[in-house]
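J.: Okay, here's the structure, questions in a sec.
FYI, it's all coordinate maths here, none of it is from the lab. Only a predicted model underlies this, so the values are computations on that prediction, with no experimental measurement involved. Virtual Cβ from ideal backbone geometry, glycine too; neighbours counted across all protein chains shown.
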Amino acid sequence: KYPILEGAYAGFGNWQFAAAVANTGAHGLITAAVSRTPEQLREDIKRCRDATDGSFGVNLSIGLCPRIEEMLEVCIEEGVQVETAVYRPDSLAPRIKEGGVKWIHKAARVKDAQYAESLGADAVIVVGLEGVGFKNPEQLPTLTTTTWGTKVIKVPFVAAGGIGDARGFLAALAMGADGIMMGTAFMAT
């Protein structure tokens, strides 16, 4: 209903959290690393589906998610949107595209988002310095990445980093973003 996506949460990004966000009209996100095993992820996806009619996906953070290829297979078999994050998605991109699920890649730099777009990502998220999580020495603030990224990226662009209220949401849309990702604001509620 609203172009707002839930951020991934290390340690507590479970299906309950994803369902609660999806029930608000935003897009929930299960963090696969929280599920720990492909079998548990499959169960968590089913539980999330039972708990909401809203949209949700699964975060696969490269280098952090155990058994990531198997987790991806579960997402493909369950027909769930995938969000890759942290590093270049080269090893997962061909299988994601072959599997036919929607794919969003989350990056810290515009050039990394452009690279994911070239691999076939359906949408990209660029997280500015204000966002919590992994950082890159070349990362820029959200205002800069959003105004720049929306000019050079052709797929839907999602802004992230320090957006926690309606004014920040509307500002990101005014800068050209197609949507936003929020983390701390959901966590705080």
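J.: Starting from the 7 Å offset along Cα-to-Cβ, what nm value, one decimal, do you get for the label separation of Glu69 and Tyr2?
T.: About 4.0 nm, to one decimal.
J.: Now, a different point. Among DSSP beta bridges whose residues both lie in segment 79-189, state the antiparallel percentage, nearest 5.
T.: Details: 0 of 15 bridges.
Antiparallel bridges make up about 0 percent of those DSSP assigns within segment 79-189.
J.: Okay, next question. Starting from 0.36 nm per residue, how many nanometres of slack lie between Arg36 and Ala188 once their C-alpha separation is accounted for? Please report the intermediate quantities before stating the final value.
T.: Values: separation 152, 0.36 × 152 = 54.72 nm, distance 2.43 nm.
Once the chain is fully extended between Arg36 and Ala188, it gains 52.3 nm.
J.: Run the dipole for segment 1-56 about the Cα centre, Lys and Arg Cβ at +1, Asp and Glu Cβ at -1, nothing else charged, and hand back the magnitude in debye, nearest 20.
T.: The calculated dipole for segment 1-56 is roughly 40 debye.
J.: While we're on this one: Short version: what are the Cα gyration tensor semi-axes of the chain, square root of 5 times each eigenvalue, largest first, in whole Å?
T.: 24, 19, 14
J.: Filter the GluC sites (Glu not before Pro) in segment 87-189 to those in DSSP coil with at most 12 other Cβ atoms within 10 Å of their Cβ, and list the result.
T.: Answer in residue order: Glu138.
J.: Roughly how many debye, to the nearest 20, is the charge dipole of the chain about its Cα centre, given +1 on each Lys and Arg Cβ, -1 on each Asp and Glu Cβ, and no other charges?
T.: Values: 18 positive and 21 negative charges, 82 e Å.
Dipole magnitude for the chain comes out near 400 debye.
J.: Then there's this: Put +1 on the Cβ of every Lys and Arg and -1 on every Asp and Glu Cβ in the chain; which of Leu129, Phe12, Cys65 then has its Cα farthest towards the positive end of the dipole?
T.: Of the options given, the answer is Leu129.
J.: Something else now. Taking only C-alpha pairs under 8 Å that are 6+ residues apart, what is the relative contact order of the chain in percent?
T.: Contact order relative to length: 17 percent.
J.: Loop only per DSSP, at most 13 neighbouring Cβ atoms within 10 Å: give me the chymotrypsin sites (Phe, Trp or Tyr not before Pro) in segment 1-64, ordered by residue number.
T.: Those that pass, being in a loop and sparsely packed, are Phe12.
J.: Now a separate question. Work out, step by step, the length gained on full extension between Ala10 and Lys102: first 0.36 nm times the residue separation, then minus their alpha carbon distance; give nm to one decimal.
T.: Fully extending the segment from Ala10 to Lys102 adds 30.9 nm.
J.: Just grab the label-to-label distance for Asp53 and Arg88, each label 7 Å out from Cα along the Cβ direction, in nm (one decimal).
T.: With each label point 7 Å from Cα toward Cβ, the separation is 4.4 nm.
J.: Can you give the FRET efficiency for Lys46 and Val132, using 1/(1 + (r/R0)^6), R0 = 30 Å, r = Cβ-Cβ distance, to the nearest 0.05? Mind showing how you got there, number by number?
T.: Numbers: r = 29 Å, r/R0 = 0.97.
According to the calculation, E is roughly 0.55.
J.: Among Cys75, Ser55, Ala32, whose Cα lies farthest out toward the positive end of the dipole of segment 1-77, if unit charges sit on the beta carbon of Lys, Arg (+1) and Asp, Glu (-1)?
T.: Ser55
J.: Now for a different question. If you average over every viewing direction, what projected area does the convex hull of the Cα atoms of segment 89-189 give, in nm²?
T.: Here the figure is 6.5 nm², rounded to one decimal.
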